[in-house]
1. Counting pairs of Cα atoms in segment 243-310, how many percent are more than 13 Å apart?
2. May I ask you to derive the FRET efficiency for Arg105 and Ser688 from their Cβ-Cβ distance with R0 = 41 Å, giving the value to the nearest 0.05?
3. How far apart, in nm, are the 7 Å Cα→Cβ label points at Ala676 and Val554?
4. Kindly state, to the nearest 0.05, the FRET efficiency for Glu561 paired with Arg739, given R0 = 22 Å and r defined as their beta-carbon distance.
5. For segment 730-841, with every protein chain kept in place, what is the accessible area per residue (1.4 Å probe, Å²)?
6. Could you tell me what percent of the accessible area of segment 176-291 is made up of carbon and sulfur, with a 1.4 Å probe and every protein chain present?
7. Measure off 7 Å from each Cα along the Cα-to-Cβ vector at Asp175 and Lys64, then give the distance between these two points in nanometres to one decimal.
8. Please give every one of the lysines within straight-line cross-link reach of Lys576, meaning a C-alpha to C-alpha distance under 19 Å, and leave out same-chain neighbours fewer than 8 residues apart.
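The values are calculated or read from the model by the stated rules, or taken from the named source; none is laboratory data. Keep in mind the model is a prediction, meaning the values are calculated, not measured. All Cβ positions, glycine included, derive from the backbone under ideal geometry; neighbour counts span all protein chains shown. The accessibility values were calculated without ligands, DNA or RNA, using every heavy atom of the protein model including side chains. Shrake-Rupley method; radii C 1.70, N 1.55, O 1.52, S 1.80 Å.
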Amino acid sequence: MSSRTDPLPDSPSPTLAAMFDAYQPLPGVFDEMKTADGELRPHWRNLVGALRALSPSEMDARWKRVERILYENGLTHNIFADGDETERPWRLDALPLLISAEDWRRLENGLVQRARLLDAVLSDCYGEQRLMLDGALPSTLVLGNPQFLRPLHGVPVSRGRRLHYYAADVGRSADGNWWVMKDRCESPVGGGYALENRIALRNCLPDEFVGNHVQQLAGFFQAVHDGHCAMADSADPRIVVLSTGPTGSGYFAHSYLARYQGYVLAEGQDLTVRDNRVYLKTLEGLRRVDIIIRRVEAASCDPLELRSDSPHGVPGLVEAVRAGTVSVINALGSGLADTESLMPFLPGLCERLLNEQLQLPSLATWWCGQDPARDYVLANLEHLETRDVFSRGASEPGTQNPDGPEAWQVGGPRRSIEERGFAYLAREPMRLSTVPVLNSQGLRPVPFALRVFVAADADGYVVMPGGLARLCPPRAGQAFDFGRFGDGKDTWVQSDRQAGSAAIRRTRTGAVELRRIGRELPSRTADNLFWLGSYAERAEAIMRQARNAIVRIVDDECPPEDLLAIGRVLGPTLKKAGIAPADNKAAGDTRSQLERRLGELVFDADRAYGLRRTLRNLGRTASLSRERLSADSWRILRGLRPEDFARRSGPAAQPRRAGIGSVLGQLDLGIQRLAAFSGMGVENMTRSFGWRFLDMGRRIERSVQTSALLESLLDAGDPEDDGSLILLLEIADSFMTYRSRYLLTPQLAPVLDLLLLDETNPRSVLFQLEALAEHLEALPRDPAQPVPDSEQRIVTGALDELRQADISSLCRRGRLGDRPGLKALVGRVAADLPVLITSITRKYFSHADAVRSVIAAHSAPR
């Protein structure tokens, strides 16, 4: 999340005090901070008074800290962008939107009533349908709505509530009143962004936050969780957040909230239905799910009874809902209440269903299926906006949104409205209120809209004391389109009481079952952690090879045998990256040829085995594993950016031309970060299944890398003379270990022993395989199968060969000058590793084995 395009001005530029004094509201528009005559509104005086004392340079320093927090938390990282571009079109303003306690109470009461009303409407439409039978709600707006899911009609829901999460996009008009412009009942998103905004801005303005008695968000999420527990009749239900996966633009919000509340983030393929029950696929088998918080469109949730082409659904989910074995939040089909075509009827429905007057009005809207409304629209068409009744689309910030101005148009097709009025809506445009925005030019008023979130708790509904405020881009005029609005703002709602300390969740009273491991590890998460470890190790190996090679190449006095050693030792890696070797293999690469090849390895983004592609894959898997990583581990990985290794000077991208100091500095920093990440895993991760798969990926990749280095010793030639052994030891980070033992020039036999057979060296192949054997022994197994699994047999076989190997036989030359014993042993180990990965994947990541049987699921503990 970028904050601003320009820094705040330093002296002698205007001070913040001067900026607040110079700020003037737009004529005829309600401004949140100042009245029409330029006076500060009472609830803003304390905040403005505190900010006036800050210098622009101090404010800018605070904001740089916020930018770092936002970047490290991943909000600026679009992990699905092509190439290395990672910035999302999402930015945070340095000033909050401040709402008084009195103003908020009116908005809060109206939103709670609106949630109750829409829940009652949904219950009737999927139940008795009295509203349509009595003519209170036109049947066209229900039965003709593609969001009305007929297979769910008559299906009961837990505790009779269909709407658990609700959001309203609201705006303030010139008279200062709030109006609802859009109801969000399908699967409202944005709460994760609002929470991230709050955490970030509180770091920027900590004293100002406390001094203004701002209500905190933790209580809202605690109340929501308590409501989930009451819904499941369990103090510790298994709750899953069903997401479309990393290809969805709202994935950050899904993963952030799941991690914050301790829920399992899952995709459709992570769940399965057996005997009308929903299960989560975990390493230990299937575990029954109590509640699904869906972030997938309802029609895509079950390819058997709803959309057959959906890749995100869970086959059989609707039948499980019918059976009452799982609760889905929001209930399938809740998107029916998203359409603005219900808005003209809400006042009457509120009186009928709740016996109350509607407290929070909707933006003036007309459905042209009724004669009086159609006549009014046609008479005022040039002053109204029109659109198709059921035009709908994504509601996630930053996405293309057919609910916005591209769907609404001023005027409209008069002839079509006359002939097919039932297919059209019209609304009255509203000029949005403004809020002050801080940039390098000072303060300026910018229109905004606010998305407020409502959720069911154990007793009713509770409103998040804040929301997701979005600013209208400069060229968008006053048109409302929440999905495309520009910068964000944190929303501060004042309280009559002083703000207390934040907490994720208070501890419930009563007995707690003690655990030594976390909740079950989904197979997909284990898969992501496995490849996270693998990519981290691969990135470190490439960096070490590149660093040691560059240091030698740029030395003008580098002897020819050093160039030959570089080409020999790095040959396997360059070959995997598809980088062509020298034409004359016997003569080796020239200095310029090695520079070119190393440049391609380090700088080319298109190299499948190159450094930049590896770092991009590392970033993707880290993002997919975010809920399993500590904050410090995440910050370390966020610092490994592929763009830091972009080409620096022309298409040749040779290390010398790219700036040796800069390249080596980035390589050193990258190696340090990866070493820190490895240390975090060793010292800070509990020895859970997640840690084991992370370490297994690292151990297998290190075995692959060390085996590839040892392949350089298979060619004819004397590695003791050309410097290959020294380079090999440096790359394997074992040079000091060798010198501490032998105090002599590296020789083949002790080098082979150190890197291949030494069980005390964390870099040796034998060490990796022993660690893998330990991990495999600790992973879940089918107790009915007494013989070792295939992956255990692979590792055991490789260990036996290494332990029985004779160093003298490995060093002995054959008739052709090669080393057949070493070639055979390294070849067998290298061939076993891909088979091992396939076996692990088949057993633990794809659920292909019988251990995933339904019988095991029924007998497993909840």
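1. Working: 1550 of 2278 pairs.
For segment 243-310, the fraction of Cα-Cα distances above 13 Å is 68 percent.
2. Working: r = 45 Å, r/R0 = 1.10.
Once rounded, the FRET efficiency stands at 0.35.
3. It works out to 2.3 nm between the two label points.
4. 0.60
5. Numbers: 5500 Å² over 112 residues.
Here the residues of segment 730-841 average 49 Å² of exposed surface.
6. Values: 1380 of 3000 Å².
Summing carbon and sulfur atoms, their accessible area is 46 percent of the total for segment 176-291.
7. My value for the distance between the label points is 4.9 nm.
8. Cross-link targets: Lys585, Lys823.
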